[in-house]
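What follows is calculated from the coordinates using simple rules that are stated; it is not laboratory data. Keep in mind that this is a model prediction, so the values were computed, not measured. Cβ: placed from backbone, ideal geometry, glycine included. Neighbour counts: every protein chain shown.
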Amino acid sequence: MPINKAYLLMSVFFDDILSFRFNFNVGKKMAENKSIYLSKPQLEAELNRCLNCKNMPCMKACPIKCNPQAFIAAAKNGNGELSAKLISDENPFGQTCGLICPDKFCMKACTRRLVDFPINITKVQATLMEKFRNFKYDYSNVVPNGKKIAIIGAGPSGIAAAYFLARNGFKCVIFERGSQIGGALNLIPHERLPQDAIMKDWEFVNNSDLISVVFEADVSNPSELFSQGFDEVLIAGGEPNCAKLNIEGEELAVSYLEYLAQPEKYITKGNVAVIGGGNVAADCAIVAQAQGAVYVEMFVRRGLSDMRITPAERHEILERKINVSAGTSPDKIIKTGEKYSLYVHKNRFNGEKWLPISDTSVELPDFDLVIRAIGAKADEKQVDLRLIYIGDCKTGGSTLVEAMADAKNTAFELIKKYQA
Ligand code: SF4
């Protein structure tokens with residue numbers, strides 16, 4: 001694409017000196033046609049590499065306390081169904097989590113990394129669930145305890161809370177403002193997280209009258225649910241609002257929430273700018289490229305190594321030849337005819353934070369689509385102290401497993417409270 005010469009010169013200079021602009025245009029291989037699950041020989045190889053560590057560092061590092069040492073040992077002994085059960089007992093989204101969990105928990109703690117490289121635990125987990133989970137959770141021995149819980153939001157944390165509460169006799173009604181379960185999971189590109197993996201996890205959980213979902217539910221005043229017979233009200237609304245850039249022309253950029261929910265609604269062609277450097281920005285860039293964009297460039301405020309993306313996403317950005325301009329922030333967006341110009345400036349790290357460098361603002365013309373993906377925000381919290389917030393709307397943007405772990409911990413606190 002045509003790039004402002006001054007910007008290019010500056011970028012080349014900073015490439016050498018500070019790695020400010022990094023072009024991932026290396027390698028020819030594209031990301032298509034790769035399996036998200038392990039083949040039989042790959043699975044066996046990973047199972048055999050496991051050292052069966054008795055101190056279970058992998059389990060200790062898992063936020064939701066799933067136990068790779070145990071489920072790998074079960075699979076190694078030929079009992080795949082038991083390994084799927086061990087995963088599902090701790091994690092209601094065992095298959096989904098295996099597909100998208102970053103390697104910063106169990107794999108970072110895996111002892112095998114001291115020998116060569118960690119067991120690919122997440123892919124092992126996803127593969128075992130795909131191959132061997134042919135059952136739903138059996139609630140038949142659960143005795144209802146007469147307590148009713150309202151849960152606002154059918155995303156992972158809401159469903160995780162319902163799963164652990166229903167297993168302990170609580171009647172859970174989930175109020176979902178949309179028309180499907182899954183929340184933010186539905187924004188992840190299907191080639192990385194197929195919809196059927198989410199649905200298999202949901203079908204595993206949704207096997208009891210103790211769990212029901214009311215779709216298209218607009219609960220504007222959750223406190224009113226107490227007067228409708230609910231003993232507790234959990235808010236699991238996630239972060240449904242896209243953070244603002246606060247720049248001129250902001251409204252010209254499509255939010256990542258809108259784009260990822262319906263990428264086919266936008267004519268993705270030519271040149272696409274993605275503002276942001278985290279997981280959702282990477283998803284937007286990957287989807288835009290897959291939808292037909294010729295040139296995709298991500299604008300990242302901080303450095304390349306500060307990008308909050310998984311190694312798999314970094315790898316995909318490389319494979320898809322997506323360009324990344326690090327240390328770059330937008331100043332304004334202008335539309336001329338059908339094209340957008342993005343004005344950006346450079347930032348420098350002063351040892352503590354990234355600060356703008358004066359007189360570096362340049363115009364980058366000829367974009368066909370600009371997407372803003374700098375983060376998300378939860379809805380304003382209600383003042384009623386009886387409401388219990390769980391997952392991302394309580395903790396801020398976190399991983400799937402962290403959001404579910406928070407929901408699980410809250411569920412067990414309530415179980416303890418009503419057993420007392
Ligand atoms: S830490 Fe790694 S090698 Fe040890 S039991 Fe867990 S997965 Fe296996």
Answer check: region 286-420, Cα atoms, Kirkwood Rh, Rg/Rh ratio of 1.11
The answer for the chain, counting only DSSP H helices whose Cα atoms cover 27 angstrom or more along the axis and whose Kyte-Doolittle average is -1.0 or greater, is 400-419
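Can you sort F412, F230, F170, F164 so the residue with the fewest Cβ neighbours within 10 Å comes first? Present the calculation step by step, with values, prior to reporting the outcome.
Numbers: F412 13, F230 19, F170 25, F164 22.
Result, fewest neighbours first: F412, F230, F164, F170.
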For region 372-420, state which GluC sites (Glu not before Pro) are in a DSSP loop and have at most 13 other beta carbons lying within 10 Å of their beta carbon. E380
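Determine, for D306, D209, D201, the number of other Cβ atoms within 10 Å of each Cβ, and report the residues in order from fewest to most.
Sorted ascending by nearby Cβ count, the order is D209, D306, D201.
Please give the charge dipole size of the chain, origin at the Cα centre, charges +1 on K and R Cβ atoms and -1 on D and E Cβ atoms. Round to the nearest 20 debye. Intermediate results must be reported in sequence, preceding the final value.
Working: 50 positive and 49 negative charges, 270 e Å.
With only Lys, Arg, Asp and Glu charged at Cβ, the dipole is about 1300 debye.
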Sequence neighbours fewer than 8 away in the same chain don't count; with that in mind, list the lysines whose C-alpha is under 18 Å from K65. K54, K85, K104, K108, K123, K408
Cross-link partners of K332 among aspartates and glutamates (Cα-Cα below 17 Å; sequence separation of 8 or more within a chain): E248, E250, E251, E297, D359, E363, D366, D368
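At 222 nm, what value in deg cm²/dmol follows for the chain if DSSP H runs of at least 4 each add -39500 (n - 2.57) and the sum is divided by all its residues, to the nearest 500? List each step's numbers first, then the result.
Details: 15 runs with 145 residues, N = 420.
Theoretical 222 nm ellipticity from helices: -10000 deg cm²/dmol.
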Charge sum, other residues only, whose C-beta stays under 11 Å from G178's C-beta, Lys/Arg counted +1 and Asp/Glu -1: -2
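Which order results if R386, R314, R320 are arranged by neighbouring Cβ count within 10 Å, fewest first? Present the calculation step by step, with values, prior to reporting the outcome.
Numbers: R386 11, R314 15, R320 20.
Arranged by neighbour count, lowest to highest, R386, R314, R320 become R386, R314, R320.
For every other residue with a beta carbon closer than 14 angstrom to the beta carbon of K353, add +1 if it is Lys or Arg and -1 if Asp or Glu, then tell me the sum.
On the way: positive: R301, R302, R348; negative: D306, E352.
Within the 14 Å Cβ shell, the charges total +1.
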Principal axis dimensions, the chain - Cα atoms, whole angstrom, descending: 71, 55, 40
What whole-number distance in Å separates the alpha-carbon centres of region 251-309 and region 391-413? 27
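Within the set of other residues whose C-beta is less than 12 Å from the C-beta of P240, count the net charge using Lys and Arg as +1 and Asp and Glu as -1. Numbers along the way, then the final one.
On the way: positive: R177, K377; negative: E176, E239, E258, D379, E380, D392.
Overall, the nearby charge balance is -4.
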